[in-house]
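The structure appears right after this line, and notes come after that.
Bear in mind these aren't lab numbers, they're just calculated from the coordinates by the rules spelled out. It should be emphasised that the depicted structure is a prediction, and the values quoted were computed from it without experimental measurement. Ideal geometry is used to build each Cβ from the backbone, glycine not excepted, and the neighbour counts take in all protein chains shown.
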Amino acid sequence: MAEAGTGRTQPDPDLDKGASLSGKTLRFLIKVAIVIAIAYVMAAGYMYINQRGFVFVPTGDLSTPREKGLEGIAVEQATMADGTKVTVWRVAPTKAGAPTVLYLHGNSGNLSGRWKRFQQIVESGYGLYAPTYRGYAGAEGSPSETALIADALEHFDRAAETGQPIVLHGESLGTGVATAVAAQRPEADLLVLEAPYTALVDIASEQYPWLPVAFLMKDQMPTRERIGAIEAPVLILHGTEDRVIPVAHGRRLFEFAENPKELVIVEGGGHGDLWTRGLWDKVRSVWEGLDRGT
């Protein structure tokens, strides 16, 4: 307001107070944004640095087949192309015409934790070739997508030297490895995928939607991009109650696969109990029903 007789305007105290409050609010919001940004970068950095610890979870000591009551299974030390040594459990088929199962296990535990499965495979007269992953109990080195696939290709070639048919069985993490091998080895006779994923990066994106995982993830394992190149019959098994890899992944992956293919959805099945819900009987049934040109 102007002073009488002077023409000067008096400052409005209410306007000054509002401007001061607006400035304080802006400065506060900027500080909050900076704190959030720093926290986000730190969290993203932690996830990036430690990401393989979430994907590959080796635990426990490696037992021997004899310690698990498995007679006749040999323990071999296979030397990979780069000199890394890994343990393999191996036995030839005892049933005429039976294949050897190249078993690629999941991301946790170690090879000997699957001994009950191996017992059923062997008791069925099938052969077994079960390698451990590098970085896991019984193996040197460190795991990665590139290393595991390269090793599995070598294992396939070693198993195939006998001239026996090969069934590639991937369990969870191993489904991506098995698919990559089958895509590069058309002579594989059957691909079995137990609780598979479309891609590891897809799983990570679902679990951490706040992270740009497509840019951060080293081992993306895009199974969906590889399965279409497979010539062998494909059998996919997934449980409706799988809380680790949702059944939607198995369904989508089935759509990407070429014929011949079969999808088995196990009602009530979880991530780790498909074997006890008839998985092995289904594999045997599919194998025995295949037209292998003989």
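What is the antiparallel percent of DSSP beta bridges lying wholly in the stretch 59-289, to the nearest 5?
On the way: 11 of 34 bridges.
Antiparallel: roughly 30 percent of the beta bridges in the stretch 59-289.
Tell me which DSSP H helices of the chain clear both cut-offs, 27 Å or more of axial length from alpha-carbon atoms and a mean Kyte-Doolittle hydropathy of at least -1.0. Show your work: numbers first, answer last.
Numbers: long enough: 13-55 (61 Å, 0.71).
TM-like helix candidates: 13-55.
Exposure proxy check: Met217, Met80 ranked by fewest other beta carbons within 10 Å?
So the ranking, lowest neighbour count to highest, is Met80, Met217.
Let me know the charge dipole size of the chain about its Cα centre in debye, to the nearest 20, where only the beta-carbon of Lys, Arg (+1) and Asp, Glu (-1) is charged.
Values: 28 positive and 35 negative charges, 111 e Å.
Dipole of the chain, to the nearest 20 debye: 540 debye.
Please list, in order, the residues from the stretch 237-254 whose amide nitrogen is less than 16 Å from a point placed 7 Å along the Cα→Cβ vector of Glu267.
238-242, by backbone N distance to the label point.
Under a point spin-label approximation (7 Å from Cα along Cα-to-Cβ), what is the Thr79-Ser142 distance to one decimal in nm?
Distance between the two pseudo-spin positions: 2.4 nm.
Pairs of alpha-carbon atoms within less than 8 angstrom and 6+ residues apart define the contacts here; what relative contact order does the chain have, in percent?
It comes to 12 percent, rounded to a whole number.
To the nearest Å, what is the center-to-center distance of the stretch 58-135 and the stretch 238-294, using C-alpha atoms only?
One Cα centre to the other: 21 Å.
Cα gyration tensor of the stretch 125-170, axes a ≥ b ≥ c as square roots of the eigenvalues: rounded (a/c below 1.5), prolate (a/b > b/c) or oblate?
Taking the square roots of the gyration eigenvalues as a ≥ b ≥ c, the stretch 125-170 is prolate.
Would you compute, for the Cα atoms of the chain, the largest minus smallest coordinate along each principal axis and list the three values in descending order, in whole Å?
The Cα atoms of the chain stretch 118, 38, 32 Å along the principal axes, largest first.
How big, in percent, is the set of alpha carbon pairs in the stretch 37-104 lying more than 20 Å apart? Can you show the working numbers first?
Numbers: 1322 of 2278 pairs.
For the stretch 37-104, the fraction of Cα-Cα distances above 20 Å is 58 percent.
Put +1 on the Cβ of each Lys and Arg and -1 on the Cβ of each Asp and Glu in the chain; which of Val167, Pro143, Pro65 then has its Cα farthest toward the positive end of the dipole?
Final value for the positive-end residue is Pro143.
May I have the count of lysine pairs in the chain with C-alpha atoms under 22 Å apart, counting pairs 8 or more residues apart or located on different chains?
Final tally of qualifying lysine pairs is 6.
Considering only DSSP states other than H, G, I, E and B, which trypsin sites (Lys or Arg not before Pro) in the stretch 205-250 qualify as loop sites with at most 15 other Cβ atoms within 10 Å?
Passing both the DSSP loop test and the Cβ count: Lys218, Arg243.
As I understand it, the dipole of the chain uses +1 on the Cβ of Lys and Arg and -1 on the Cβ of Asp and Glu, about the Cα centre. Which of Ile36, Thr25, Leu211 lies farthest toward its positive end?
Farthest towards the positive end: Thr25.
Please report the antiparallel percentage of DSSP beta bridges with both residues in the stretch 41-194, rounded to the nearest 5.
On the way: 11 of 26 bridges.
Once the DSSP bridges in the stretch 41-194 are tallied, antiparallel ones form about 40 percent.
222 nm [θ] for the chain, helices only, -39500 (n - 2.57) per DSSP H run of 4+, per residue, to 500?
On the way: 9 runs with 117 residues, N = 294.
One gets -12500 deg cm²/dmol as the mean residue ellipticity at 222 nm.
If I model a spin label at Glu241 and Ile49 as a point 7 Å from the Cα along the Cα→Cβ vector, what separation in nanometres do I get?
About 4.0 nm, to one decimal.
Ranked from highest to lowest mean number of other Cβ atoms within 10 Å per residue, what is the order of the peptides 99-111, 58-70?
Ranking, from highest mean packing down: 99-111, 58-70.
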